[in-house]
Amino acid sequence: MTLRVAVVGAGPAGIYAADILTKSDVDVSVDLIERLPAPFGLVRYGVAPDHPRIKEIIKALQRVLAKPEVRFLGNVNFGEDVKLEDLRDFYDAVIVSTGAMADRDLNIPGEGLSGSHGAADFVSWYDAHPDVSQTWEFGDGEKVAVIGVGNVALDVARVLAKTADEMLTTDIPAHVHAGLQSKKITDVHVFARRGPAYAKFSPLELRELNHSPNVEVVVHPEGFEVDDHSMQHITKNKQSKMVLDTLANWVGRDLEGKSHRIHLHFMESPVEITGEDGKVVGLRTERTELVGDGSVRGTGEFTDWDVQSVYRAVGYRSTALLGLPFDENNWVIPNDKGRVLDIDGNPIPGTFVTGWVKRGPVGLIGHTKSDAAETVANLLEDTVETAPARTPEDVDAYLRERGIDLVTMEHWEQIDAREIALGEAQERLRLKLATRGEMLDARTV
Ligand SMILES: Cc1cc2nc3c(=O)[nH]c(=O)nc-3n(C[C@H](O)[C@H](O)[C@H](O)COP(=O)(O)OP(=O)(O)OC[C@H]3O[C@@H](n4cnc5c(N)ncnc54)[C@H](O)[C@@H]3O)c2cc1C
């Protein structure tokens, strides 16, 4: 008998789960149900376009999708086109891996002003997510603020600072290039509440900020404080030490006179986005001081920064899914090592979770692999083949009956080939198709 598993969400977590299932001793058939006409989740719609080496992971993920035991069912929205009870009918087990796509709130006044943007919205725009508007209003401002101290903040700062033409080697479609050309930004100010030892950048990503011919990184000496606790922290954490060493090399150095700058400010806590006539005109921060245990407290000393827009990169969050419990405080589906728990804390039979919606939106693509391994191990321990009433093939018929315009693996290969051909014409590796319509039209069968 064959164990039939539905994986909802074809990001890296879902694809790794499918891969691990196919490598188990059990005979399996896996259907990857994906809302978009394309697989790969945030690897395609989150990782920055000027990070082609990271996007190379897609090749390995694509090999999993090509396995005979795995089917890609794209353009199917779980919760709308297909519900949990349908999947329970078709499959022995369901793994939910819907990731995270929304911005966390910063919870300071002024967040709702025009010109105050969530990083996830901006990322979705520059990565040409087919469900977001194709226009982005940069305004006429030359100075912008980015709030946050992780890799997403660096991605956002880099894309804001680089010239549009620097991005022409990437897979961005024409509307993103045109949008980037319209910006007047010369100075991007990145703000961190804590000291430089606690920055969550990865060392490679930080060093890369310095690689643009048009952008220089300015690390401001005010707030560049390292106390005993910071030193203990970096002794235990190699990545933080590498980050601190790089920042220390840059702090207070002479400017080279490049056209654009990214300024890194530590120990400045944003307290208000200030506005006039509903638009952002500045950011107010409060200087912080180190308390000695890794945390900081406000000093009562405030600064008003002249910026015309603010990008909030303080984290992503998952959203609730129809028919599944959701922990609104931690933005995850409550689970015990991947087993979904009901409101009383009991496992819901045959229902599992993996990836960012399991453990929150932290960690790199590689981390979703070990995560999937844990979930799949528990699935295999718990689940027995029950010969569900209907076969996976019946799913296709069911979806077609409901008017779903299914994107299969074969279709995805056609969409992929079309993007590569468009790229070749411009001596680029790929040019992304930007709308659902364009993607669906690229199918030839
Ligand atoms: C801006 C940004 C940049 C990043 N850069 C890097 C980097 O450079 N290197 C790195 O290693 N990591 C990077 N990461 C982290 C990496 O992207 C994540 O670790 C990883 O994508 C999480 O995988 P996931 O499968 O859990 O979620 P996701 O990648 O979000 O995949 C979830 C999938 O589920 C689908 N889905 C959602 N809802 C539904 C539904 N209702 N029905 C059907 N399908 C649904 C989504 O469309 C998506 O395809 C970055 C993350 C972000 C946000």
Item checked: For the chain, size of Cβ-based charge dipole, Lys and Arg +1, Asp and Glu -1, in debye -> 800 debye
Next item on the list: Give me the angle, in degrees from 0 to 90, between the Cα long axis of helix 151-161 and the longest principal axis of the Cα atoms of the chain, rounded to the nearest 10.
Entry: 60 degrees
Note to self: Within a 10 angstrom radius of the beta carbon, how do Arg436, Arg339 rank from fewest other beta carbons to most?
What the structure shows: Arg436, Arg339
Item checked: Cα-based shape type of segment 1-97, given that a ≥ b ≥ c are square roots of the gyration tensor eigenvalues and the cut on a/c is 1.5 -> oblate
Checklist line | Dipole-positive endmost among Met409, Gly46, Gln62 within the chain (Cβ charges, Cα centre) | finding: Gln62
Next item on the list: Work from the charge dipole of segment 245-370 (Cβ charges, +1 for Lys and Arg, -1 for Asp and Glu, about the Cα centre) and give the residue of Gly345, Leu247, Ala313 farthest towards its positive end.
Entry: Gly345
Checklist line | Within straight-line cross-link reach of Lys241, lysines at Cα separation under 17 Å, skipping those fewer than 8 residues along the same chain | finding: Lys200
Next item on the list: Answer rounded, prolate or oblate for the chain, using the Cα gyration tensor with square roots of eigenvalues a ≥ b ≥ c: rounded when a/c is under 1.5, else prolate when a/b is larger than b/c, else oblate.
Entry: prolate
Check: Picking from Thr435, Thr299, Thr274, which is most flexible by a Gaussian network model of the chain using Cα springs under 10 Å?
Finding: Thr299
Check: Does segment 360-445 classify as rounded, prolate or oblate by the C-alpha gyration tensor (a ≥ b ≥ c root eigenvalues; a/c under 1.5 gives rounded; else a/b over b/c gives prolate, otherwise oblate)?
Finding: oblate
Next item on the list: Specify the angular offset, from 0 to 90 degrees and rounded to the nearest 10, of the alpha carbon long axis of helix 409-424 from the longest principal axis of the alpha carbons in the chain.
Entry: 40 degrees
Next item on the list: Run down the aspartates and glutamates and flag those whose C-alpha is under 16 Å from the C-alpha of Lys432, throwing out any fewer than 8 positions away in its chain.
Entry: Asp50, Glu56, Asp127, Asp131, Asp171, Glu413, Asp416, Glu419, Glu424, Asp441
Checklist line | Among His117, His211, His175: highest mean-square fluctuation, GNM of the chain, C-alpha pairs under 10 Å | finding: His211
Checklist line | segment 44-49 - phi-based ³J(HN,Hα) in whole Hz, Karplus 6.51/-1.76/1.60, Gly and Pro as x | finding: 8, 10, x, 4, 5, x
Checklist line | Between 0 and 90°, nearest 10: helix 367-382 axis offset from the chain longest Cα axis | finding: 30 degrees
Check: What order do you get for Leu264, Leu324, Leu380 when you list them from fewest to most C-beta neighbours inside 10 Å?
Finding: Leu380, Leu324, Leu264
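Here, each number is a calculation from the coordinates, and none is a lab measurement. The model shown is predicted, which means the values in this text are computed figures rather than measured ones. A quick note on method: Cβ atoms are made from the backbone with ideal geometry, for glycine too, and the neighbour counts reach across all protein chains shown.
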